[in-house]
Amino acid sequence: MEPYIIVYLIPLTLFASLIYFILIRQNSFEKRVAQYTPRHKLPQKRQVHIEQQKRQLKQYRLMFPLIGIGMILYFGYLHYSDEGTLTLSPLLISNVIFAACFTFLMSYLFIGITKRNIKAQQMLLETMSDTDYNLYLKIVKEQPSYLPQVMVCQEKLYFILNYSLKEFELSKIIWASLDEDRGLFFKLSVIQGEEKDGVIKQQRSGSVTLPKQVGQMLKNLIDSYRFPSYYDDDNQR
């Protein structure tokens, strides 16, 4: 086997592994998202958030074919002879195959993540109460578009991450912390679990980077479920 083939297999194997762990291997919430079919069109004010995500999807669908064409043209240029003719060698064929496979896997990964996240947001926006939606508007107002999306729907907390979708029942979150991450951003970390026979069993955990105001807002919401008596007393004052 030629050494350059081994070099080419490394990034291809990496992208194939990412596709498996991010898109193919699914938790229970990701399976529900994959099976989700929109029941009806969202109200216009909610549909706006989905259209913004779909524009990014269109950009990906245009960008990745251009990257593949650019790579193939570049490899072809490297194999032009001094006489201006293209030398069809095994190395050129391997380069073209690598460029095609690399572009396909990269586009499959990024487009797949974007489509999955759009479906998750659409499914949650469809079932959100007006109270949940008002909270979502507050989060979106403070949350930069390049950070992961966080949503609350039907007494559940959702992290829409590029590498995974996380679902937490607010009433079962047993631990939550808000720690300074970098600059103006903070990291919200949560653990969901349940107590059985006096033993607390962890079910799932996750963390997400947020602006401080959004993180504090969600931390207060989580604490209102963890310490209801304290928040009820506070509201009565």
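Distance between Cα centroids, the range 1-36 to the range 137-154: provide it in whole Å. Cα centres, the range 1-36 to the range 137-154: 27 Å. Give me the one-decimal Kirkwood hydrodynamic radius in Å for the range 1-136, with the sum taken over alpha-carbon pairs. About 18.0 Å, per the Kirkwood formula over Cα pairs.
Put +1 on the Cβ of each Lys and Arg and -1 on the Cβ of each Asp and Glu in the chain; which of TYR163, LEU66, ILE10 then has its Cα farthest toward the positive end of the dipole? The one lying farthest along the dipole's positive direction is LEU66. For the cross-link pairs LYS31/LYS119; LYS54/LYS187; LYS54/LYS138; LYS58/LYS115; LYS31/LYS219; LYS172/LYS219, the ones whose C-alpha atoms lie over 19 Å apart are LYS54/LYS187; LYS54/LYS138; LYS31/LYS219. If a spin label sat at a point 7 angstrom from the Cα of TYR108 along the line to its beta carbon, the backbone N atoms of the range 11-36 nearer than 20 Å would be those of 11-27, 31, 34-35.
In a reduced charge model with +1 at each Lys and Arg Cβ and -1 at each Asp and Glu Cβ, the range 1-125 shows a dipole moment near 1420 debye about its Cα centre.
Scaled to the globular estimate 2.2 N^0.38 Å, the Cα spread of the range 165-220, given as radius of gyration, is 1.23. Accessible surface computed residue by residue for the chain, with neighbouring protein chains in place and a 1.4 Å probe, gives 61 Å² per residue. Based on DSSP H runs of at least 4 residues, each adding -39500 (n - 2.57), what is the mean residue ellipticity at 222 nm of the chain after dividing by all its residues, to the nearest 500 deg cm²/dmol? Dividing the helical sum by the residues of the chain leaves -19500 deg cm²/dmol. Counting only the Cα atoms, the chain fills a convex hull of 197 Å³ per residue. About the centre of its Cα atoms, the chain shows a dipole size close to 680 debye [charges on the beta carbon of Lys, Arg (+1) and Asp, Glu (-1) only; nearest 20 debye]. Residue ranges 97-109, 206-218, 185-197 sort as 206-218, 97-109, 185-197 when ordered by packing (mean number of other C-beta atoms within 10 Å per residue, highest first).
The peptide list 167-177, 56-66, put in order of mean Cβ contacts within 10 Å with the highest first, becomes 167-177, 56-66. Convex hull of alpha carbon positions in the range 67-194: directionally averaged projected area 12.6 nm². Over the C-alpha atoms of the range 1-76, the Rg to Rh ratio, Rh being the Kirkwood estimate, stands at 1.13. Take every Cα pair under 8 Å whose residues are at least 6 apart in sequence, average their separation, divide by the length of the chain, and the relative contact order is 15 percent.
The values are calculated or read from the model by the stated rules, or taken from the named source; none is laboratory data. Predicted, not measured: the structure shown is a model, and the values here were computed from it. We place every Cβ from the backbone using ideal geometry, glycine too, and count neighbours over all the protein chains shown. All accessible areas refer to the heavy atoms of the entire protein, side chains included, with ligands and DNA or RNA removed. Shrake-Rupley method; radii C 1.70, N 1.55, O 1.52, S 1.80 Å.
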